[in-house]
Amino acid sequence: MRKFYGFVIKEFLHIFRDKRTLIILFGMPVVQILLFGFAITNEIKDANIAILDLSKDATTQKITNKILSSKYFLLYQNLNTYDEIEKVFRTGKIKEVVIFEQKFEEQMKKTGKANVQIIVDAADPNTGNTILNYTTAIINNFVREYNPTSNIPYFIDIQSRLRYNPELKGVFLFVPGLIAIILMLVSAMMSSISLTKEKETGTMEVLLVSPVKPAQVIIAKVIPYSLLSFINAVTILLLGKFVFGVPIVGNLPFLLSEVILFILTSLSLGIFISTVTSSQQVALMISLVGLMLPTILLSGFIYPIENMPLFLQIISNILPARWFLIILRDVMLKGSDITYVWKETLILFGFLLFFIGLSVKNYKVRL
Amino acid sequence: MIRVIKFLIIKEFKQIFRNKSMLPLIFMMPLLQLLILANAATFEIKNLNIVIIDKDQTSLSRNIAGKFKGSKYFNIVGYTFNQKTAEREIQNRHADLYIEIPNNFERDLIREQTNKILVVVNAIDGAKGSISNFYVQNIINDVNKEIAEKYLIQSNTLVAADFKQIDLNYSFWYNPDLNYKTFMVPGILVLLVTLIGTFLSSMNIVREKEIGTLESINVTPINKIQFIIGKQTPIWIIGMFELVFGLTLAELVYHIPFLGSPVVLFTFGALYLSLALGVGLLISTVTETQQQAMFFTWFFMMLFILLGGLFTAIENMPAWAQTITLFNPIRYFIEVVRLVMLKGAGFADVKNHLIVISIMSVVINGLAVFRYRKTT
Amino acid sequence: MENKVNSGSTDAPVCASNDKSINKVDLKGTDEGVCATDNNFVCVVENLTKKFGSFTAVDSISFSVKKGEIFGFLGANGAGKTTAMKILCGLSKPTSGKVMVAGYDVYKDAEKIKKNIGYMSQKFSLYEDLTVLENISLFSGIYGLTDKQIKEKSEYLVNKLELEKVKNTLLKSLPLGWKQKLAFSVAIIHDPDIVFLDEPTGGVDPITRRQFWELIYEAADRGVTVFVTTHYMDESEYCNRVSMMTAGKIAALGTPAELKKEYKAKNMDEVFVKIARG
């Protein structure tokens, strides 16, 4: 037992003597969450648009004002002819052109209908679609207000409740995702490198001929990294809460134990990676290039899984991060307890056992 | 001078191609990811799971419920009279939202001239939540419109022109089908090429430092520029190959429009790669071990990727963040890719991008070469 | 005959030399005359010191190496041998002191030195994932040999080292002894004035060790100066002169015979022990 303890100390020393890695390990999550909290968002704000008003009457003016006075849109340019549309889009500076037909108000008075055309730059389809939706909503609102109530017998309205995130803050979506990604990548990377490095430098053999069992060696390595990752997770949670107001509605100890579970799962994935290669470089490439993009894209971090094609949803199932993200969001933002996330928790456990099992098997075979 | 570089390049290629575990990671994995992951990115919100509480049970309320049923955006997953049940369905993720048509809805509507339907939405994903809200609003607008039109027909005093509507047409340019792949595939390719290029070059020299062969080289009269060029060139070649091959593959599989000239794109790519490699090189001059090099690289890559304008638009960011992205090479490449492929931009249109990347490349590479020392 | 040099010695340039007429000669661009007699010395070191922070690895050592001699640099592990050697090779900058190698000043012309020296590090450092021929070809190319020369050299070396059967095998599959011999040959592939060998026979069997020293003798006969560090004391008997370092200083300097006589020792092992004990 004392030998084991000695190994744990050794691992801690390794880590703390490597100042550069340490800076990145702790600094990275902080920088990221600050950046993403303040900078990344899906919400449209101050989008530049151009207006081609062929009518220039009081009504088109009202509509234009309504559009521009919303926080979503800013006027970039007033156009005068159709030809200018292509040119202004090519500058890449605007996302949308709103076109009012000639004699707009007149048409409206005479026939009750007038035409507005919206052209959206859909090179980025997400933004394009959202911009169209917002513009349409504003115009629809205008129509409602424009129609005198005497012409309508009655009128249905909706009352919206936005659960869990009443102010529609983007960070609510991103902070849990960030925690998941950083924990997964850091844990997997660190454990896989640590083991392959020992293999490469030959110190692994020294460890293996010592009376300490391989399992103990591995666990001794895992402990410091678990601690590090845990500190990271807590840091992000604190920053999220106090800087961005991302609440922790659910039970805190429960949340933290799920976090620990995920950390262990990611570490076991790293260990598994280290059993399939003896080169640091390969381990790094697998952990990084292999895990990074799929985790960002398929875990539900930014893109909703429900909207993906079926085969991708299936692939997403084998990413531990996907399940953890569900747990995290539910517990943090909805205050769910185990009854709501038992399935996901069980799955994470399953992953943990699976990776450990495979690693042990590989270890025996290889060495 | 060149001859020495040639020897180094040959050595590098031999080592790369002999490394059986790395080869699939450098070549197959990125291309696989490109093909598969491109399908992931979509914000098109459909299949919203909705629970309907209809306490009114009148023809009007059933009409409203029917509209949700017929809508391509909504998927009715349950009917209930119990609000608690509906709330639970949201909490356990079976439903994204629910609406409640209250008791005596129709009666009160006619009496008071207005009435409200309750809409409760899971708004954790803010964008999704507000879009959901918007679609509900659309349906209710339709209902209101029907009501008004019916009234119009029955009325004696009103004419069509009294009911004001706006005829709204819309069209999407540059991507009429809202094809997300058109947008994502080139972007993901850029990310992958950047990742591989920067990682390989950051670990390249550090690896030799760690295993000791760097000393053998440093003790020869080779000068550091020859050495750096010799080490980096093969990676650059691999990066260009992946860029070209990846794009071709993407064309074949996804039929992405390519309005502009490949020459423009690949010229930019060549310059961009030299910058990406330069960043890797710079990192390798400030680190001692492969582990450190990798962590540094990862740090910057995560930042660049998430602030690159691929997953979230740069225009949505606050001004200070947008300023930061001016230093992000990925941002420029993504813009160029879009401009060239989707809008047919030529050299003149991307001239600013070219200039910026060139300057950045010269500065970063210069700094790296300056920092690299054969003698410690 | 001045043979024993103590550390921290005099201001006058110190030359350990058999030649009594010591002239100060200006060498190839250096202002400070470093002690030499015509071209007799390939390496002159004066009060060389190397510090890492507050730790002094090399403490004001001085010695010279004559052309064509086999100079042994002995000492326990951690005495500072490798550090000193790296400075002589231009891999590391001195903290202070004068160093001249192959006629060039190590401060100003480190790169020029590299054209004229060879080096074999303690840790095996040829490319394990390249073949015998590829390693030879690579380093020959770097040193500027023509294609024809490379071909000739490759054939010659492969024959001499009996690596004909494995010339296209990756180095990582070869036994250590063969790799070390190859590393030595690659170090002198460009016929340098002086070759530095850092513990070249570490971990190698006695027969291979003997073969290795035969290679060293051959090189010395051809006029290549050999500067070798080792902690095998019996190998020190093969050197023309040896110096012994302890704790960063040179504790003794002279031919093996002289040292054995001075320390009244039967062999170099005893000399070392006596010196180490202080």
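Suppose every K and R has +1 on its Cβ and every D and E has -1 on its Cβ; what is the size of the dipole of chain A about the Cα centre, in Debye to the nearest 20? Could the numbers behind the result be given before it?
Values: 35 positive and 26 negative charges, 240 e Å.
Roughly 1160 debye for chain A.
Which residue, C:A57, C:A257, C:A102, tops the fluctuation ranking in a GNM of chain C built on C-alpha contacts under 10 Å?
C:A257
Compute the orientation-averaged projected area for chain A from the convex hull of its Cα atoms and round it to one decimal in nm².
Value for chain A: 24.4 nm².
Would you mind putting A:81-92, B:67-78, A:257-268 in packing order, based on average other-beta-carbon counts within 10 Å, highest first? Intermediate results must be reported in sequence, preceding the final value.
On the way: A:81-92: 13.4, B:67-78: 15.2, A:257-268: 23.2.
Averaged packing, sorted descending, gives the order A:257-268, B:67-78, A:81-92.
Please report the spacing between the Cα centers of the range A:125-167 and the range C:95-146 in Å, no decimals.
One Cα centre to the other: 76 Å.
If you look at just the Cα atoms of the range B:105-233, how large are its Rg and its Dmax in Å?
Cα only, the range B:105-233: 32.8, 101 Å (Rg, Dmax).
Using amide H atoms built 1.01 Å from N in the peptide plane, name the residues 5+ places from A:R161, or on other chains, whose amide H lies under 5 Å from its own.
Under 5 Å from the amide H of A:R161 lie the amide H atoms of B:V119, B:V120, B:V121, each far enough along the sequence or on another chain.
Given C-alpha coordinates of the range B:48-162, what is the ratio Rg to Rh with the Kirkwood estimate of Rh?
Reported Rg/Rh (Cα atoms, Kirkwood Rh): 1.02.
Could you state the number of Å between the C-alpha centres of the range A:209-248 and the range A:298-358?
Centre-to-centre distance over Cα atoms comes out at 19 Å.
Between the DSSP loop rule and a limit of at most 16 other Cβ atoms within 10 Å, which GluC sites (Glu not before Pro) in the range B:23-113 are left?
Those satisfying the criteria are B:E44.
Could you work out, residue by residue across A:129-140, how many beta carbons of other chains sit within 10 Å of that residue's beta carbon, and then give the average as an integer?
That works out to 5 on average.
For the range A:47-151: lysine pairs with Cα atoms under 18 Å, gap of 8 or more or different chains, count?
Lysine pairs satisfying the spacing and distance rule in the range A:47-151 number 14.
List the residues, sorted by chain then number, that are 5 or more residues from C:I194 or on another chain and whose placed amide H is less than 5 Å from its amide H.
C:G118, C:T225
As a test of the formula, what do you get for chain B when each DSSP H run with n ≥ 4 contributes -39,500 (n - 2.57) and the sum is divided by the residue count, at 222 nm and rounded to the nearest 500 deg cm²/dmol?
Values: 14 runs with 237 residues, N = 376.
Estimated from H runs of four or more residues: -21000 deg cm²/dmol.
Please express the Cα-Cα pair-distance distribution P(r) of the range A:180-330 as a list of whole percents, one per 5 Å bin, running from 0 to the bin with the greatest distance.
All Cα pairs, binned at 5 Å, distribute as 2, 9, 17, 19, 18, 14, 10, 6, 3, 1, 0 percent.
Quantify how much of the Cα-Cα distance distribution of the range B:38-109 extends past 15 Å, in percent.
So the pairs more than 15 Å apart make up 56 percent of the total in the range B:38-109.
Tell me which lysines have Cα within less than 28 Å of C:K274's Cα, excluding those fewer than 8 residues away on the same chain?
Within reach: C:K4, C:K50, C:K51, C:K66, C:K81, C:K86, C:K249, C:K260, C:K261, C:K264, C:K266.
On a full-extension model of 0.36 nm per residue, what is the gain between B:K67 and B:L326, subtracting their alpha-carbon distance, rounded to one decimal in nm?
Details: separation 259, 0.36 × 259 = 93.24 nm, distance 4.70 nm.
Here the answer is 88.5 nm.
Taking the Cα centre of chain B as origin and charging only Cβ (+1 Lys, Arg; -1 Asp, Glu), how large is the dipole, in debye to the nearest 20?
So the dipole magnitude of chain B works out to roughly 1400 debye.
Which log10 I(q)/I(0) values, to two decimals, does the range C:33-183 give at q = 0.11, 0.15, 0.19 Å⁻¹ under the Debye formula with one point per Cα?
So the normalised log intensities are -0.55, -0.92, -1.15.
With N set to the residue count of the protein assembly as shown, report its C-alpha Rg divided by 2.2 N^0.38 Å to two decimal places.
Computed over Cα atoms of the protein assembly as shown, the ratio equals 1.21.
How about the range A:155-237: which GluC sites (Glu not before Pro) there lie in a loop by DSSP and see at most 16 other Cβ atoms within 10 Å?
Qualifying residues, ordered by number: A:E167.
Take every Cα-Cα distance within the range B:158-292, group them into 5 Å bins from 0 onward, and report for each bin the whole-number percent of pairs it holds.
Final binned percentages: 2, 8, 15, 15, 12, 10, 8, 7, 5, 4, 3, 3, 2, 2, 1, 1, 1, 1, 0, 0.
Going by average Cβ neighbours within 10 Å, how do the peptides A:320-328, B:209-217 rank, with the highest at the top? Provide the component values of the computation, followed by the final result.
Values: A:320-328: 26.1, B:209-217: 19.0.
Peptide ranking by packing, descending: A:320-328, B:209-217.
Rounded, prolate or oblate: which one fits the range C:152-195, using the alpha carbon gyration tensor with axes a ≥ b ≥ c (rounded when a/c is under 1.5, else prolate when a/b beats b/c, else oblate)?
Working: a/c = 2.53, a/b = 1.47, b/c = 1.72.
Oblate shape, in that a/c is at least 1.5 and b/c is the bigger or equal ratio.
What chymotrypsin sites (Phe, Trp or Tyr not before Pro) in the range C:34-142 are in a loop by DSSP, with at most 14 other Cβ atoms within 10 Å of the Cβ?
When the chymotrypsin sites (Phe, Trp or Tyr not before Pro) of the range C:34-142 are filtered for loop state and at most 14 Cβ neighbours within 10 Å, C:Y107 remain.
Could you list which residues have their amide H under 5 Å from that of B:T114, counting only those 5 or more apart in sequence or on another chain, with H placed in the peptide plane?
A:F155
First obtain the Kirkwood hydrodynamic radius of chain B from its Cα pairs, then insert it into the Stokes-Einstein equation at 10 °C and 1.306 mPa s, and state the resulting D in µm² per second as a whole number.
Numbers: Rh = 25.2 Å.
In µm²/s, the coefficient is 63.
Which whole-Hz couplings ³J(HN,Hα) result when phi for each residue of the range B:264-269 is put into the Karplus expression 6.51 cos²θ - 1.76 cosθ + 1.60, θ = phi - 60°, listed in order with x for Gly and Pro?
4, 4, 6, 4, 4, x
How far, in nm, would the chain grow between B:V263 and B:F241 when pulled straight, counting 0.36 nm per residue and subtracting the alpha carbon separation?
Stretched out fully, the B:V263 to B:F241 stretch lengthens by 6.5 nm.
Under 10 Å, Cα contacts only: if you run a Gaussian network model on chain A, which one of A:G357, A:G300, A:G112 comes out with the highest mean-square fluctuation?
A:G112
Relative to the longest principal axis of chain A, what angle (0 to 90°, nearest 10) does the C-alpha long axis of helix A:214-244 take?
In chain A, helix A:214-244 runs at an angle near 30 degrees to the longest axis.
Between B:G197, B:G66, B:G344, which gets the highest mean-square fluctuation from a Gaussian network model of chain B, Cα cutoff 10 Å?
B:G66
Treating only the Cβ of Lys, Arg, Asp and Glu as charged (+1, +1, -1, -1), what charge dipole size does the range B:48-162 show about its Cα centre? Round to the nearest 20 debye.
240 debye
Residue by residue through the range B:360-374, which ³J(HN,Hα) values in whole Hz follow from phi under the Karplus form 6.51 cos²θ - 1.76 cosθ + 1.60 (θ = phi - 60°), with glycine and proline marked x?
4, 5, 4, 5, 5, 5, x, 4, 5, 4, 4, 6, 6, 10, 7
Just the C-alpha atoms of chain C: what Rg/Rh do they give, with Rh taken as the Kirkwood radius? Walk me through the numbers on the way to the answer.
Numbers: Rg = 18.8 Å, Rh = 19.3 Å.
Ratio value, two decimals: 0.97.
Which residue, A:I9, A:L227, A:I356, has the largest displacement toward the positive end of the dipole of chain A when charges sit on each Cβ (Lys, Arg +1; Asp, Glu -1)?
A:I9
Over all directions, what mean area does the Cα convex hull of the range A:47-151 project, stated in square nanometres?
Mean projected area of the Cα convex hull: 6.7 nm².
Tabulate in residue order the Karplus-calculated ³J(HN,Hα) for the range C:180-194, using 6.51 cos²θ - 1.76 cosθ + 1.60 with θ = phi - 60°, rounded to whole Hz; enter x for Gly and Pro.
5, 4, 5, 4, 5, 4, 5, 5, 10, 4, 9, 6, x, 5, 9
For the range B:147-290, what does the relative contact order come out to in percent, with C-alpha contacts under 8 Å and a separation of six or more?
Relative CO of the range B:147-290 lands at 40 percent.
Seen from all sides and averaged, what is the projected area of the convex hull of the Cα atoms in the range B:306-376, in nm²?
Here the figure is 6.6 nm², rounded to one decimal.
Since every read-out is calculated from the coordinates, none of them should be taken as a lab result. Everything quoted here is computed from the prediction, not taken from an experiment. FYI the Cβ positions are ideal-geometry reconstructions off the backbone, even for glycines, and counts take in every protein chain you see.
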